């Protein structure tokens with residue numbers, strides 16, 4: 001008996017391999033980029049299949065859940081950094097938050113494993129069933145409690161690479177189905193003619209991703225009136241914002257970078273990140289304040305400045321707070337507000353508390369030191385920041401959601417302001433850059449991205465970061481660039497998740513026919529068989 005055979009006979013071997021499968025799949029994502037890790041999905045399929053032969057039904061949930069724990073544990077461990085910003089009050093919560101995040105998100109994979117077991121046909125083409133149930137549960141993960149679609153399997157491919165361009169056709173959820181079907185195929189390669197056909201089809205699909213992407217990366221872009229931008233990254237750590245004595249230094253950091261001399265034409269548009277200044281926008285922009293005057297002095301007449309931060313409305317004794325992006329135009333002597341965008345998709349347990357009445361009653365809100373949170377803004381709508389420049393803002397978390405920004409052929413650029421300073425020098429901000437870049441591909445629009453501590457960047461309409469237009473983690477400086485060209489309205493713009501639903505329908509029909517013992521390809525009996 002070989003060592004592998006002895007290992008497989010251990011009662012815990014399947015659980016350990018499931019955990020490894022999830023870790024491998026997570027390693028395939030940027031910034032790690034170990035693409036062979038995609039074979040983790042094939043390993044997971046194999047484990048679910050072997051469990052179906054010898055294990056009770058609950059084992060399918062268990063193995064799917066363990067794979068999810070590995071996947072989300074590696075993919076979201078950086079959330080612990082946010083609790084270390086206020087370590088005295090919240091530091092103790094970091095390990096529990098990481099465990100709760102990984103274990104909670106893994107429930108979707110556990111349910112997917114269970115559904116796969118229930119729907120599993122005997123044919124090698126069950127890879128379509130696997131892709132369908134896991135992609136459907138990933139969609140659910142992106143919508144339950146406002147959703148958390150972090151590191152969708154379809155976003156494994158580095159944004160701007162050839163395979164990532166398929167997001168313009170089918171969106172990130174559709175690309176998730178395709179990625180899962182391709183990656184799982186090696187699990188069935190030894191199952192006779194059907195297994196070889198499934199693997200060959202996966203190889204053709206992979207070649208198609210690369211082939212289509214290679215062509216898409218060379219599509220001409222629409223070039224319009226040059227608009228110059230300056231993105232400001234002051235590298236202000238999150239814990240510094242908790243020190244009231246440093247407020248003046250933070251303001252000085254931003255205004256000095258904003259006023260930095262230009263090598264060429266001054267910017268038409270200047271962008272500060274989300275949470276740039278640690279105070280309410282209403283307060284520091286109030287007439288006569290020294291902060292307002294400092295900002296006035298740092299921008300030039302005619303320039304528009306975008307500032308991310310929080311503001312309040314309503315009575316003083318019971319204000320309503322919004323996480324907002326404010327557009328300010330510099331007049332000859334002052335600033336005028338030309339537009340306001342309020343964040344629509346809020347972070348659960350971060351910016352709002354689900355089931356707040358219940359959790360407050362049992363003491364969770366005070367234990368976790370959660371404030372009153374933000375109010376939900378209207379559904380994302382374009383913001384005109386210059387007379388001839390229509391933009392679509394997405395604040396931080398909103399850049400994770402495929403299709404949140406609806407089609408508008410007049411929008412020239414997406415603007416993503418984010419406060420990734422919460423997550424320090426970890427993989428989190430690097431992952432966020434990759435995920436946000438998929439919105440550029442889906443809509444064929446460039447992105448201007450501003451963060452306090454990195455990664456700030458100018459991202460092209462194909463998801464690639466422009467050369468010399470990136471400020472990495474821990475860097476201080478400005479990006480001076482012109483808004484890149486945009487592409488045509490994409491199929492994803494026109495049909496949204498329609499292609500994804502069609503792929504799910506393929507999975508469902510294939511599963512039903514195969515479980516009924518019918519050929520996957522036979523639609524109706526031939527005349528000779530009647």
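Structure above, values below:
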quantity	calculated
Expected 222 nm ellipticity per residue - DSSP helices of 4 or more, -39500 (n - 2.57), all of the chain, to 500	-13500 deg cm²/dmol
Calculated FRET efficiency for the pair residue 207/residue 494, C-beta based, R₀ 25 Å, to 0.05	0.45
Cβ-derived FRET efficiency at R0 35 Å, residue 247 paired with residue 92, nearest 0.05	0.80
Rg(Cα)/(2.2 N^0.38 Å) for segment 378-530, N = residue count	1.42
Burial ranking of peptide ranges 321-330, 24-33, 51-60 (average Cβ count within 10 Å, highest at the top)	321-330, 24-33, 51-60
Rounded tilt (10° steps) of 427-443 against the dominant C-alpha axis of the chain	80 degrees
Using alpha-carbon coordinates, inclination of helix 498-515 to the longest axis of the chain, degrees	20 degrees
Helix 94-119 axis, angle to the chain major axis (alpha carbon atoms, nearest 10°)	40 degrees
Difference of contour (0.36 nm per residue) and Cα-Cα distance, residue 467 to residue 237	80.2 nm
Computed E for residue 84/residue 317 - FRET, C-beta separation, R0 45 angstrom, nearest 0.05	0.85
Value of Rg to Rh for segment 207-289 (Rh from inverse mean 1/r over Cα pairs, i.e. Kirkwood)	1.20
Contour excess over end-to-end distance, with Cα ends at residue 3 and residue 223 and 0.36 nm allotted per residue	73.0 nm
Global form of segment 91-162, assessed from the alpha-carbon gyration tensor, a/c cut-off 1.5	oblate
Per-residue Cβ neighbour rank within 10 angstrom, fewest leading, 61, 72, 134	61, 72, 134
Cα gyration tensor shape for segment 50-187, rounded if a/c is under 1.5, else prolate or oblate	oblate
Ranked list, fewest to most other Cβ atoms within 10 Å of each Cβ, for 256, 519, 399, 201	519, 256, 201, 399
Length added when fully stretched, residue 100-residue 409, from 0.36 nm per residue minus Cα-Cα	107.1 nm
Taking 432, 143, 46 and counting other C-beta atoms within 10 Å, the order from fewest to most	143, 46, 432
Global geometry of the chain, whether rounded, prolate or oblate, following the gyration tensor of its Cα atoms and the 1.5 cut on a/c	prolate
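A short reminder: the numbers here are calculations on the coordinates, not readings from a lab. None of the values given here were measured: they were computed from a predicted structure. Cβ: placed from backbone, ideal geometry, glycine included. Neighbour counts: every protein chain shown.
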